[in-house]
Each structure stands twice: as C-alpha cells, then as structure tokens.
Amino acid sequence: MAKNVGKKEQSNKTKIIPFIFFVLVLIFVFGGHLLNKLRTDNDKNPPKGTGDELAVVAIEMSSKYGDSTLIKYNNYEILVDAGTSSDKAYVQDALKEYVTDKTLDLLIVSHAHADHIGAMTDVSFFDDIDIDVSKIVDTGHEVKSNTTSETVSQKYNKMCDELVSRGAEKLEYFDIINDKNIETVWNIDTEGKIFLEFFDTGNILEPTTLKSDDLNDTSIVFVLNYNNTKWFFGGDLTCDCEEDLVKNIKGVDKDYFTKENNVVYKTCHHGSETSNGELLLDFVKPDIIFTMSGFVSGESKDDPIKDQHPYFTALERMKKYTEKIYWSSINGQIIFTTIGEEIEFDAKGRTHDYYYNGEIVNKEEEKLVTIFESKWYLALKALSPQEENKLSE
C-alpha cells in the first residue's frame with residue numbers, strides 16, 4: 001500500500017514540476033511585460049527634439065505680454081527670453097521637461113524689458129530646477145532706476161553675474177555684430193546642418209548708448225536654420241527698424257528666404273500693429289507664424305474681448321501670407337517639430353479660460369486651431385471698424 005502511494009506521489013510530482021515551470025515562465029514573461037508597461041505608463045514620455053528632430057516650443061504666458069521660446073535639438077537647448085515674473089513656473093516647467101541633461105546651452109535675452117526677463121529676477125531661477133547655463137547673449141542694456149529700488153533688468157544682471165561666476169560665458173549683441181573675432185553664424189551640431197545666424201538691425205549700438213528711446217529697437221534678431229527650414233526671431237523690433245533689418249539681411253544674401261524654404265516666423269513684439277510691417281513680411285514670406293502674450297480681456301462674463309497683442313490689424317497683414325497662425329493663449333504650450341523638411345504642429349491646450357458670448361470657450365476644441373478658427377478672432381471680427389480703430393489706438 002505504501003509503495004503504491006509512493007508511486008502515486010512520484011507520479012503527481014512528475015505532473016506538478018512541469019506545471020510549476022510553466023507558471024514560472026508565465027510569471028517571467030507576462031510579469032516582465034506588465035512591469036515594463038507600468039514603467040512606461042509611470043515614466044514621462046521623452047521630450048521632443050531628440051535625435052535628428054528639432055523641437056521649437058512656444059511657452060504659454062499668463063500675463064498681459066510675456067514672451068518665451070525653448071529650442072531643443074538632441075541635448076542642445078536654447079531659451080529665448082523668459083516672460084514676466086508671473087510666468088516663472090511655466091518657463092521652469094518647460095525647462096525641467098526639455099533640458100534633460102541639466103545644462104542649458106544658450107540663453108538669449110532679446111532685450112531688457114520686464115515681459116522678457118521678469119521671471120529671471122531671482123538669482124536662484126535656474127538653481128531651483130537644478131540647471132546650469134553655458135552661454136548667455138543679451139544686449140547689455142538695462143532700465144535704470146532713479147530710486148534706491150532695483151529695476152527688473154538690474155536684478156536680471158545679478159542673476160547673470162552669478163552664472164558667470166560659475167563659468168557661464170556672456171556675450172553682448174553689439175560685439176557679435178561688430179567684432180570680427182566673433183562669428184555671426186553659430187553651429188549647433190558638428191556637421192553644420194543646424195545653426196543660428198545673428199543679424200544687424202541697424203540699431204545695435206554699444207550698451208552705454210541708445211540710438212532710440214524705445215528699448216524694443218535694441219532687440220536681438222536671429223534666424224535658426226535647419227535643412228530646409230528657417231525660424232525667424234525678432235524680439236520686440238518695431239517697424240521703424242524692420243526696414244534696416246531687411247536691407248542688412250539682403251546685404252548678406254538677397255535670396256536669404258527662398259520659396260523652397262519652410263519659414264516659421266515668431267511675431268515681433270507679440271504681434272503688435274507697430275511691428276510686423278509689410279516690408280519685413282514680404283521679405284520673409286512666412287509659411288507658419290506663432291506668437292505669445294497673455295489675455296488682457298475676456299476672462300470673465302462681464303469683460304468683453306477687446307483688441308490686444310496680437311492685434312487685429314497685424315493679424316490681417318500676416319494673413320495675406322499664411323493662415324497658419326497660432327497663439328499660445330489659444331493653443332496653450334505650442335510644440336513644432338521637424339527633421340528639417342515638413343513641420344508638425346502640436347499643442348498642450350491652454351490653462352486659462354476666456355469667455356465668448358457669456359460662456360467659457362472649450363479648451364479642447366481650440367487646442368489645435370489657428371487663431372482665425374478661434375472664438376477670440378470671431379469676437380474681434382465682429383467689432384465695427386470704428387471700434388477696431390478706437391481699440392487699436
């Protein structure tokens with residue numbers, strides 16, 4: 001009897017061992033798959049702009065003006081301006097997402113107005129997110145104060161001084177344009193297929209001197225070139241300077257912007273009507289346009305939409321060249337990606353609400369629309385010409 005039981009136990013063991021092995025295989029295969037899935041679901045997707053892909057990110061702004069763009073190609077990142085003090089968190093979040101190697105390779109500050117440098121008035125702006133800065137380019141100008149209190153630009157300069165003390169290199173626009181030992185073309189990659197080119201606007205004087213009383217006219221202008229795409233950045237340059245700029249670019253290459261190029265144009269001065277003149281637009285001939293600024297009206301039922309940056313008249317001028325015009329206050333954070341040919345558009349959706357005819361406009365419905373498809377534009381278009389002229393003054 002015992003022997004028979006022993007045989008039965010041995011037989012059972014023979015059956016159980018393969019079953020256990022099969023279960024272990026299932027656990028290994030499916031458990032590993034589940035673990036990988038959990039890791040994928042829990043980990044943040046890698047930011048765009050890696051490999052041969054270029055990403056240009058227009059960061060959503062919260063205040064009346066505000067301007068900040070992040071450029072990423074592989075592990076090379078450029079921050080162009082940083083908005084106002086109220087935009088600080090938006091800019092820092094974008095830096096945390098895209099500057100994965102913890103080193104911002106280039107900070108370009110177009111000019112010293114608070115809506116472009118306000119977020120960087122704290123020495124710890126980059127420290128708070130554990131990011132180093134390799135190189136800074138600005139105009140060297142600042143807004144002086146007649147009181148004992150520091151201006152925004154003076155606070156920004158303190159931050160720069162701290163970065164320089166840690167090893168950051170700082171250059172001024174005047175020196176780039178005028179110093180023969182500093183190239184105006186900067187390669188981002190070793191092959192030279194992606195590069196920045198700085199241009200003289202005709203208003204670039206030494207930092208201690210101003211040609212114009214308007215600090216906007218000191219704005220840095222550069223073009224990002226990548227294969228068949230060109231990306232124009234003009235700060236807050238005004239129409240008065242745009243004519244000289246066009247002459248100077250034509251002096252370098254009269255056919256600098258060709259029909260074969262896909263040209264992306266970041267509006268000058270947030271889409272102001274005193275910028276973005278016909279002469280510049282006709283020279284650039286943009287295929288895509290983007291702009292940044294915050295809402296100044298329409299944020300409540302009792303606050304009707306009014307003309308603002310980007311202005312209706314400026315939009316109508318730009319519309320002659322393309323209807324692919326996007327605004328971060330409509331779309332939220334905007335992300336353009338390309339490998340140097342076709343340009344893809346995406347957006348995260350705005351975080352701010354606005355009202356149209358007494359109702360909140362659906363964020364998801366306007367996430368990927370052009371400005372001309374938005375309720376905002378419909379409200380502007382509905383204004384009488386008399387009201388438009390009055391509001392644009």
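The values are calculated or read from the model by the stated rules, or taken from the named source; none is laboratory data. Just so it is clear, the model here is predicted, and its values are computed rather than measured. Cβ atoms come from the backbone with ideal geometry, glycine included; neighbour counts cover every protein chain shown. Areas reflect the complete protein model, heavy atoms only, side chains present, ligands, DNA and RNA absent. Shrake-Rupley method; radii C 1.70, N 1.55, O 1.52, S 1.80 Å.
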message: Can you compute 3J(HN,Hα) from phi for each residue in region 314-326, using the Karplus curve 6.51 cos²θ - 1.76 cosθ + 1.60 with θ = phi - 60°, rounded to whole Hz and x for Gly and Pro?
response: 5, 4, 5, 5, 5, 4, 5, 9, 6, 9, 7, 10, 10
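So, counting K/R as plus one and D/E as minus one, what does the shell of residues with Cβ under 11 Å around LEU245 add up to? Each step should come with its number before you reach the end.
Details: positive: LYS247, LYS250; negative: ASP200, ASP217, ASP240, GLU242, GLU243, ASP244.
My count for the surroundings of LEU245 gives -4.
Name the shape class, rounded, prolate or oblate, that the alpha-carbon gyration tensor gives for region 96-165, where a ≥ b ≥ c are the square roots of its eigenvalues, rounded holds for a/c under 1.5, and otherwise prolate holds if a/b is larger than b/c and oblate otherwise.
Details: a/c = 2.19, a/b = 1.87, b/c = 1.17.
It comes out prolate by the Cα gyration axes.
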message: Taking each pair of distinct Cα atoms in region 45-154 once, what is the resulting Kirkwood hydrodynamic radius in Å?
response: 14.3
query: Do you know the relative contact order of region 221-377, to the nearest whole percent, from alpha carbon pairs under 8 angstrom that are 6+ apart?
result: 20
message: Quick query: amide H of ASP189 versus all other amide H atoms, modeled in the peptide plane; which residues come in under 5 Å with a sequence gap of 5 or more or a different chain?
response: ILE194
Pairs of Cα atoms farther than 26 Å apart, region 190-318, %: 27
task: List, in order, the whole-Hz ³J(HN,Hα) value for each residue of region 346-362 obtained from phi through the Karplus relation with A = 6.51, B = -1.76, C = 1.60 and θ = phi - 60°; use x for Gly and Pro.
output: 8, 7, 8, x, 5, 9, 9, 9, 9, 10, 9, 6, x, 10, 5, 7, 4
- request: Please report, in Å, the Rg and the Dmax of region 264-321, where both are computed over Cα atoms only.
  value: 12.6, 42
field: 1.4 Å probe accessible area per residue over region 194-340, in Å²
entry: 35
field: Solvent-accessible area, 1.4 Å probe, carbon plus sulfur percent, for region 261-341
entry: 50
- prompt: Computed on alpha carbon atoms, what radius of gyration and Dmax characterise region 160-253, expressed in Å?
  reply: 14.4, 41
- prompt: Can you work out ³J(HN,Hα) from phi for every residue in region 331-342, in order, using Karplus 6.51 cos²θ - 1.76 cosθ + 1.60 and θ = phi - 60°, giving whole Hz and x for Gly and Pro?
  reply: 8, x, 4, 9, 10, 9, 10, 7, 9, x, 10, 6
